[in-house]
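Structure first, commentary second.
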Amino acid sequence: AQSVTQLGSHVSVSEGALVLLRCNYSSSVPPYLFWYVQYPNQGLQLLLKYTSAATLVKGINGFEAEFKKSETSFHLTKPSAHMSDAAEYFCAVNVDQGAQKLVFGQGTRLTINP
Amino acid sequence: GAGVSQSPSNKVTEKGKDVELRCDPISGHTALYWYRQSLGQGLEFLIYFQGNSAPDKSGLPSDRFSAERTGGSVSTLTIQRTQQEDSAVYLCASSSGLSGANVLTFGAGSRLTVL
């Protein structure tokens with residue numbers, strides 16, 4: 001069965017610093033991979049997705065992620081953190097070709113220090 | 001509508017009562033999903049609909065949970081004889097079709113508290 005592990009339930013960075021949120025997945029078939037962001041009292045918003053095209057995926061708000069099959073990783077990065085990036089971030093995997101049955105990681109809460 | 005609407009946004013109920021949660025997906029979206037977000041279990045898939053049919057109900061935690069969709073639009077998630085462990089945020093999402101690569105648009109959720 002597929003699974004997702006997000007290393008670090010809480011990450012804190014200074015404004016302007018690099019953001020790195022780690023995600024490792026387990027899947028027996030080529031996966032679709034997603035990063036979602038959740039702001040307080042809101043639903044999940046898609047940041048970016050990997051669907052077997054380019055391994056480096058660019059998303060909204062300056063975020064990007066690189067799919068590394070050999071490491072079964074899909075880490076999320078942003079070169080320079082902004083205060084508005086403070087939120088909870090979820091990595092998810094879907095191995096179903098016909099539906100969006102996502103398996104989510106436990107989430108990483110990102111705090112930005114001024 | 002412009003987005004996925006869920007109601008109520010907050011629901012407090014007593015143990016043993018039944019509750020209904022409603023989801024109004026984006027107009028024209030044929031696929032509709034229910035997920036649950038709880039402190040103990042994180043985000044979990046519950047059920048999805050293609051049109052009015054539910055091909056996969058495998059995520060429903062017990063037979064107290066049921067869902068239906070009518071007219072290919074609005075869906076209702078019903079929890080009978082609620083228990084404290086049902087306390088969670090219930091998220092609805094919709095997409096334009098059935099593909100593993102499709103993007104889900106989520107609603108803001110219905111927060112259920114069972115006393």
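Taken together, the values in this text are just the output of simple stated rules run on the coordinates, not laboratory data. All values derive from a computational prediction rather than experimental measurement. Quick reminder, even Gly has a Cβ in these numbers, built from the backbone with ideal geometry, and neighbours come from all protein chains shown.
A few notes on this one:
- Remark: pairs (first residue in region A:1-13, surrounded by 12 or more Cβ atoms within 10 Å (Cβ to Cβ); second residue charged (D, E, K, R); Cβ separation under 7 Å; 6+ apart in sequence or on different chains) = A:Q6/A:R22; A:L7/A:R22; A:G8/A:R22.
- Subset of region A:1-33 [part of a loop (DSSP other than H, G, I, E, B) and over 13 Å from A:Y89 (Cβ atoms)]: A:A1, A:Q2, A:E15, A:G16, A:A17, A:L18, A:S27, A:S28, A:V29, A:P30, A:P31
- Scanning region A:49-66 for residues that are within 11 Å of the chain's Cα centre (by Cα), over 15 Å from A:V37 (Cβ atoms) and either crowded, with 20+ Cβ neighbours inside 10 Å or of a type in the set (V, I, T) (or both) turns up just one, A:Y50.
- Residue satisfying all of: in region B:6-31; assigned to a strand (DSSP E or B) and within 12 Å of chain A (Cβ to nearest Cβ); surrounded by the most Cβ atoms within 10 Å (Cβ to Cβ) among these: B:C23
- Selection from region A:87-114 of residues that are buried (at least 17 other Cβ atoms within 10 Å of the Cβ) and part of a loop (DSSP other than H, G, I, E, B): A:V95, A:D96, A:A99, A:Q100, A:K101, A:L102, A:G105, A:G107
- Residue count for region B:50-67 under the criterion of being closer than 19 Å to B:V114 by Cα, within 14 Å of another protein chain (Cβ to nearest Cβ) and out of contact with any strand residue (DSSP E or B) (no Cβ under 7 Å at 6 or more places or on another chain): the result is 0.
- Pick from region B:32-56, criterion in contact with a Ser or Thr (Cβ under 9 Å, 6 or more places away or on another chain) and outside any strand (DSSP E or B), ranking: surrounded by the fewest Cβ atoms within 10 Å (Cβ to Cβ): B:L39
- Failed condition for A:T108, given (1) of a type in the set (V, I, T); (2) within 13 Å of chain B (Cβ to nearest Cβ); (3) more than 12 Å from the chain's Cα centre (by Cα); (4) under 16 Å from A:R22 (Cα atoms): (3)
- Subset of region B:68-115 that is away from every other protein chain (no Cβ under 14 Å) and among the β-branched types (V, I, T) - its residue that is surrounded by the most Cβ atoms within 10 Å (Cβ to Cβ): B:I79
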